[in-house]
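The structure appears right after this line, and notes come after that.
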Amino acid sequence: MTTLTVLPSGKSYEVAAGTTLLKALQDAGEPIISKCGGEAKCESCHVFVPAGRKSLSKIQRVENEKLDGIVGVSSASRLACQAILGEEPVTVEIPK
Ligand code: FES
């Protein structure tokens, strides 16, 4: 288990390591959108990870290519459907 803190709500959740950020956010009831069902095709699950990035799975080519096409990405950007939670706490910000 690890701790997932979500902005802007500021709520924290205990979540299982090994699940995707997308599933953890959905299970928590946070307002994350997934138009493609987690296939790295829609970009709707774009989030920022201001803390704990190293705890997440590494960015793979398909995610990297999608991120390249999103306006407003930063070095903290991830596709929530592609980022798998590790054991360390993570803070994630859902863009408006
Ligand atoms: S849910 Fe579509 S890219 Fe992540």
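Going through segment 10-34 one residue at a time, which ones are in a loop (DSSP other than H, G, I, E, B) and in contact (Cβ under 8 Å) with a residue 40 or more places away in the chain? Working first, answer last.
So in segment 10-34, the residues in a loop (DSSP other than H, G, I, E, B) come out as 10, 16-19, 29-34.
Residues satisfying the conditions are ALA16, ALA17, GLY18, THR19, GLU30, PRO31, ILE32, SER34.
Yes/no matrix, rows are residues, columns are (1) of a type outside the set (Val, Ile, Thr); (2) buried (at least 18 other Cβ atoms within 10 Å of the Cβ); (3) more than 14 Å from PRO89 (Cβ to Cβ):
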{"residue": "LEU7", "(1), (2), (3)": "yes, no, no"}
{"residue": "SER12", "(1), (2), (3)": "yes, no, no"}
{"residue": "ALA16", "(1), (2), (3)": "yes, no, no"}
{"residue": "LYS23", "(1), (2), (3)": "yes, yes, yes"}
{"residue": "GLY29", "(1), (2), (3)": "yes, no, yes"}
{"residue": "LYS41", "(1), (2), (3)": "yes, no, yes"}
{"residue": "ASN64", "(1), (2), (3)": "yes, no, yes"}
{"residue": "VAL71", "(1), (2), (3)": "no, no, yes"}
The listed residue being near the ligand (Cβ under 8 Å from one of its atoms) and at positive phi, out of GLY52, GLY10, GLY37, GLY18: GLY37
Checking the conditions here, which among VAL73, VAL90 is more than 15 Å from CYS42 (Cα to Cα), in contact with a strand residue (DSSP E or B) (Cβ under 9 Å, 6 or more places away or on another chain) and not small (Gly, Ala, Ser)? VAL90
Within the bounds of segment 56-73, is there any residue that is more than 10 Å from the ligand (Cβ to nearest atom), among the small types (Gly, Ala, Ser) and at pLDDT below 95? yes
Would you please list the contacts, defined by Cβ atoms under 8 Å and residues six or more apart or on different chains, that run from a residue in segment 35-54 that is among the polar types (S, T, N, Q) to a residue that is in a loop (DSSP other than H, G, I, E, B) and near the ligand (Cβ under 6 Å from one of its atoms)? SER44/SER34; SER44/LYS35; SER44/CYS36
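Could you please give the count of residues in segment 79-96 that are polar (S, T, N, Q) and closer than 19 Å to ASP68 by Cα? Full working, then the answer.
Restricting attention to segment 79-96, the residues satisfying the condition of being polar (S, T, N, Q) are 82, 91.
After this cut, where a residue has to be closer than 19 Å to ASP68 by Cα as well, the list is 82.
Looking only at that region, the number is 1.
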Give me a count of the residues in segment 43-62 that are within 18 Å of VAL92 (Cα to Cα) and either outside any strand (DSSP E or B) or of a type in the set (S, T, N, Q) (or both). 11
Going by what's in this entry, would GLU87 be described as in contact with a helix residue (DSSP H, G or I) (Cβ under 9 Å, 6 or more places away or on another chain), loosely packed, with under 12 Cβ neighbours inside 10 Å and at pLDDT 95 or above? yes
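The values are calculated or read from the model by the stated rules, or taken from the named source; none is laboratory data. Worth saying up front: this structure is predicted, and the values here are computed from it rather than measured. Cβ sites come from the backbone with ideal geometry, for glycine too, and all protein chains shown count toward neighbours.
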